[in-house]
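One structure below.
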Amino acid sequence: MKKSFPFFAILFILLPACSTPPVRQESVEQPTVADQAEEGASLRRALPAPDLYREKAGKTLKLVRIMEGGACQTEQYGVVGMFMLYADPDDIERIKQDRGAGVFAEYEKIIEQFAMLALEQAVNELQFFDNPFALDEEDVQRELAEQLIPLFDASVAEAITEFEAETTLTIDLAPLSDSFYFYLHGCEIPHQH
């Protein structure tokens, strides 16, 4: 009988350890407006703030608009991203006085057209590839952006020069490289640009 005492003692000690506490049902809290605002703010912080000013030909250009664009090279490969449009504030004021503010809507359409054409040309020249040495998807995206930007700059340079000569408005377009998303497994541009 003495031998069974340690067995039962150990059994009674282990039984509570094997039991589970009762399951508490926790209420699922709905996100508040403050939570949603914080989530939106964190998404906005994900992209760096664009430069508000840019130097070109001895002039200080001001950021006037951020445009979105996208192009597919094939059904497999493509890109979407944002571009910053800079213009000379002095030129803007002079043109407003000479031609009226309404002319800028026309200029905006012209700029969008040649910017998207330049993006298409750059994407068609871009060598999409899966780099086996890339650390992760973000590394691949960064490498492709580094290749696309000079191609875009070269493609859009002549159109900017012609636009400036015709309108007397000094502008510049700068890709926001961190905004680019490259499609590597099926290009789907969300809407026409």
Accessible solvent surface per residue of the range 80-177, calculated while the other protein chains remain in place, 1.4 angstrom probe, Å²: 53
Heavy-atom SASA rank of 111, 189, 92 (probe 1.4 Å, accessible area, largest first): 189, 92, 111
Note, ³J(HN,Hα) from phi for the range 177-188, Karplus 6.51, -1.76, 1.60, rounded to Hz, x at Gly and Pro: 4, 6, 8, 6, 10, 9, 7, 10, 9, x, 7, 9
Computed label-point distance, nm, for sites residue 121 and residue 64 using a 7 Å Cα→Cβ extension: 2.2
Computed E for residue 51/residue 75 - FRET, C-beta separation, R0 22 angstrom, nearest 0.05: 0.05
FRET efficiency, residue 185 to residue 162 (Cβ-Cβ, R0 41 Å, nearest 0.05): 0.65
Stretchable slack from residue 146 to residue 101, in nm (0.36 nm times residue separation minus alpha-carbon distance): 12.6 nm
Rounded to the nearest 10 Å², the accessible area of residue 77 at probe 1.4 Å: 70
Spatially proximal aspartates and glutamates relative to residue 59 (Cα-Cα < 17 Å; intrachain offsets below 8 disregarded): 51, 88, 90, 91, 93, 164, 172
Area accessible to solvent at residue 112, 1.4 Å probe radius, in Å²: 70
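The values are calculated or read from the model by the stated rules, or taken from the named source; none is laboratory data. Remember, predicted model here, so these are calculated numbers, not experimental data. In this analysis, Cβ positions are derived from the backbone assuming ideal geometry, glycine residues included, and neighbour counts consider all displayed protein chains. Note: areas computed on protein heavy atoms with side chains; ligands, DNA, RNA excluded. Shrake-Rupley method; radii C 1.70, N 1.55, O 1.52, S 1.80 Å.
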